[in-house]
Structure formats: C-alpha cells, structure tokens
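Here's the structure, in structure tokens; my notes come after.
FYI, it's all coordinate maths here, none of it is from the lab. Note that the structure is a prediction, hence the values are computed from the model and not measured. Using ideal geometry, Cβ is built from the backbone for each residue, glycine included, and neighbour counts are taken over all protein chains shown.
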Amino acid sequence: MQVVEMVRFCPTCNRSSDEVGFIGEFCEVCTADKISKAMPDTVSIKRCKNCMDIKTEIDYEPLNKDSIERAIKHEMHAKEFRLKMLEYDESKGTADILFKTDIDGNKLSFIKKLHIKIEMGYCPKCYRMKAGYYEAVVQLRGRSADVENFVTKLLKFIDSRKGFVSKIDDMPDGCDIYASDKAAVSAFFDSKDNLKPKKSYELYGMRRGKKLYRHKFFIDLRDPRGLWSRKKH
Ligand SMILES: [Zn+2]
Ligand SMILES: [Zn+2]
C-alpha cells in the first residue's frame with residue numbers, strides 16, 4: 001500500500017513541506033522565529049567586582065566561554081535548550097547564541113543575538129571577606145621562618161576549600177589568622193597528625209535558633225610536642 005503525503009503550506013510564510021520541515025501546522029523556520037521572538041533580548045549576568053567571577057547556576061565561577069553559556073542558560077530559564085556561544089563581543093555587550101532543542105522529535109535550532117548586561121556587585125565570598133567575616137582564629141606562635149611556612153600552607157589549604165582569610169594580625173612571636181571556614185581549618189589540622197592545637201570556642205551569634213561558635217586554635221610551633229619544624233611536608 002502506498003501512502004501519498006499531501007504537500008502542506010505554512011500559514012505564515014507559505015513555504016511548502018517539500019522545502020522545509022514542519023512542526024505542527026507551521027514550518028520549522030516560522031516556529032523557530034516565534035520561539036526566538038518570545039525570548040528576552042537582554043540577559044543580566046551578575047559579576048563580582050572583587051574576584052571578577054560571574055554567577056552561573058549556583059556558584060560564582062571564573063568567566064570563560066563555558067561558564068558564560070551556563071550563566072545565560074540559567075538566567076533565561078532555558079532548561080529545554082542547549083546553548084552554544086558563537087560570538088561574544090564584550091565591548092558591545094552582545095552575544096550570538098545558537099539555541100538547539102527538540103519539539104515532538106523534530107530538531108530545531110536558531111541563532112539569536114542577546115544583549116548581555118553585566119551587573120557588578122559582590123559574590124557571597126567577597127562580600128563576607130569585605131565585611132571581615134571569620135569563624136575561626138588561628139593563634140600561631142613560633143620562630144618566624146616556621147610561622148611563615150605554616151601560614152603559606154594554611155592559606156593554600158583554606159583557598160582550596162573555597163574559604164578565605166579576612167585578616168592576619170602580626171604578633172610579637174607569630175600571628176593571628178582570621179579565617180572564614182572553621183571546618184576547613186579543622187580539616188587542615190586533622191591532615192597533619194603532628195599538629196595538635198589547643199581548641200576553644202566562643203559564642204558569637206544565633207542563626208535560625210542555632211548557636212554559632214567561633215573556633216580558636218592555638219599552636220606554638222616551638223612546643224617540643226609540635227614536630228612541625230622537624231618533619232618535612
Ligand atoms: Zn513558515
Ligand atoms: Zn568575588
């Protein structure tokens with residue numbers, strides 16, 4: 001049995017189904033056009049004026065082709081589309097984006113020029129850093145070379161955990177380090193089995209009915225039980 005398909009014509013542009021594919025009663029060109037026009041022309045992306053990261057889905061990340069594609073997708077609530085940045089003109093603030101999607105099993109793609117508005121502000125991390133936020137204090141004492149070596153390692157560790165140090169106060173025989181993340185500081189000491197600091201806690205506030213404590217760590221690298229300066233890491 002032979003099925004003869006009838007040639008259809010798009011009610012908007014009059015293209016025939018011999019020329020282009022159809023999605024519902026309209027041709028794919030008009031369908032793509034309609035979807036594109038219904039999308040916003042301007043997308044705002046938040047950027048931190050301190051670390052220059054941009055806001056993507058949940059976090060702030062360094063700006064690159066991949067992160068900006070995800071930031072745009074997130075801001076446009078365009079879950080059903082795959083996006084590809086074809087061109088980004090930072091001076092004009094425009095981006096040519098290729099959108100791809102499937103509608104009832106038909107592939108559909110179109111290019112749209114978006115205006116990218118960059119909203120400068122602070123990411124949560126830099127905001128807290130600016131405000132001098134800290135939840136852990138490491139009171140470090142010892143010979144200056146050992147202290148310096150320790151500070152470098154601790155800062156690197158905190159940074160790898162996406163925390164920050166908001167302040168370092170110099171002391172006559174060491175320094176006090178104010179860090180954003182007490183869990184990161186604890187993890188640092190846990191990773192060094194030869195370093196056992198004295199710990200104390202200080203209540204500093206409440207959040208949703210829970211008491212918030214700052215952790216204080218005291219360590220003297222000259223302490224004979226502290227083998228820091230003798231063991232190589
Ligand atoms: Zn059409
Ligand atoms: Zn930042």
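Let's see how each residue does on (1) closer than 30 Å to M129 by Cβ; (2) within 16 Å of ligand 2 (Cβ to nearest atom); (3) surrounded by fewer than 17 Cβ atoms within 10 Å (Cβ to Cβ):
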site: R8; (1), (2), (3): no, no, yes
site: D18; (1), (2), (3): no, no, yes
site: T31; (1), (2), (3): no, no, no
site: M39; (1), (2), (3): no, no, yes
site: T56; (1), (2), (3): yes, yes, no
site: Y60; (1), (2), (3): yes, yes, no
site: K107; (1), (2), (3): no, no, yes
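Going by the conditions given, is L108 touching a Pro at 6+ places or on another chain (Cβ under 9 Å), over 30 Å from Y204 (Cβ atoms) and touching a residue at least 60 places away in the same chain (Cβ under 8 Å)?
no
So which residues in the stretch 155-191 are in a loop (DSSP other than H, G, I, E, B) and more than 29 Å from the chain's Cα centre (by Cα)?
Result: P172, D173.
Please give the number of the condition H77 fails out of (1) in contact with a Phe, Trp or Tyr (Cβ under 8 Å, 6 or more places away or on another chain); (2) not polar (S, T, N, Q); (3) not in a strand (DSSP E or B).
Every condition holds for H77 apart from (1).
Where residues in the stretch 41-54 are surrounded by 14 or more Cβ atoms within 10 Å (Cβ to Cβ) and within 16 Å of ligand 2 (Cβ to nearest atom), which of them is nearest to K100 (Cα to Cα)?
Looking at the filtered set, the residue picked out is I45.
Please find, among K79, K92, K65, the residue that is touching a strand residue (DSSP E or B) at 6+ places or on another chain (Cβ under 8 Å) and of a type in the set (D, E, K, R).
K65
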